[in-house]
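Asks: Let me begin by handing over the structure; questions about it come next.
The values are calculated or read from the model by the stated rules, or taken from the named source; none is laboratory data. Model, not experiment: these values are computed from the prediction. Every residue, glycine among them, receives a Cβ derived from its backbone with ideal geometry; neighbour counts consider all protein chains shown.
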Amino acid sequence: MAFDPATLKYNDQGLIPAIAQAEGSGEVLMMAWMNAEAVARTLETGRVTYWSRSRQAFWVKGESSGHVQELVDFRVDCDRDCVLVVVRQSGPACHTNRRVCFYTAVRDGQEVELMPPEV
């Protein structure tokens, strides 16, 4: 059965959360938003494409930083309201130059930075 991005459940802004996971390790790298066109572009090109809410524009991960996300697998959750993109990540995934966006933990009521930026 052919996949149609319109069958996903988007929020009232036409967006769906997309979780990026590293191939092999399963590490959660980041979360960003996609609209139906970003989903279609990702599947067509193999380069993960998101929708920037702040810029109101598409952004292909790594287009300016060189930290590319190559699509390995595209998965839809059971409610069809979230997607998982399994990726081959080149360089850090986070715009802060960290390996992942989830680098802050809350432990015993305190924020703890788990990793410094990569050089």
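Asks: Quick check: anything in the range 45-65 closer than 22 Å to residue 119 by Cβ, buried (at least 16 other Cβ atoms within 10 Å of the Cβ), in contact with a strand residue (DSSP E or B) (Cβ under 8 Å, 6 or more places away or on another chain) and at pLDDT below 95?
Replies: For the range 45-65, residues closer than 22 Å to residue 119 by Cβ, buried (at least 16 other Cβ atoms within 10 Å of the Cβ), in contact with a strand residue (DSSP E or B) (Cβ under 8 Å, 6 or more places away or on another chain) and at pLDDT below 95: present.
Asks: Right, next: Restricting attention to the range 11-28, which residues are in contact (Cβ under 8 Å) with a residue 60 or more places away in the chain and crowded, with 16+ Cβ neighbours inside 10 Å?
Replies: 16, 18, 19, 20, 21, 22
Asks: Can you pull out the residues in the range 29-40 that are buried (at least 19 other Cβ atoms within 10 Å of the Cβ) and not in a strand (DSSP E or B)?
Replies: Within the range 29-40, 35, 38, 39 qualify.
Asks: Sticking with this structure for a sec: Taking the stated definitions as given, is residue 54 over 14 Å from the mean Cα position of the chain (by Cα) and more than 21 Å from residue 3 (Cα to Cα)?
Replies: Yes; evaluated as a whole, the condition is true for this residue.
Asks: Of the conditions (1) under 22 Å from residue 3 (Cα atoms); (2) of a type outside the set (A, V, I, L, M, F, W, C); (3) in contact (Cβ under 8 Å) with a residue 24 or more places away in the chain; (4) outside any helix (DSSP H, G or I), residue 67 clears all except one; give me its number.
Replies: The failed condition is (1).
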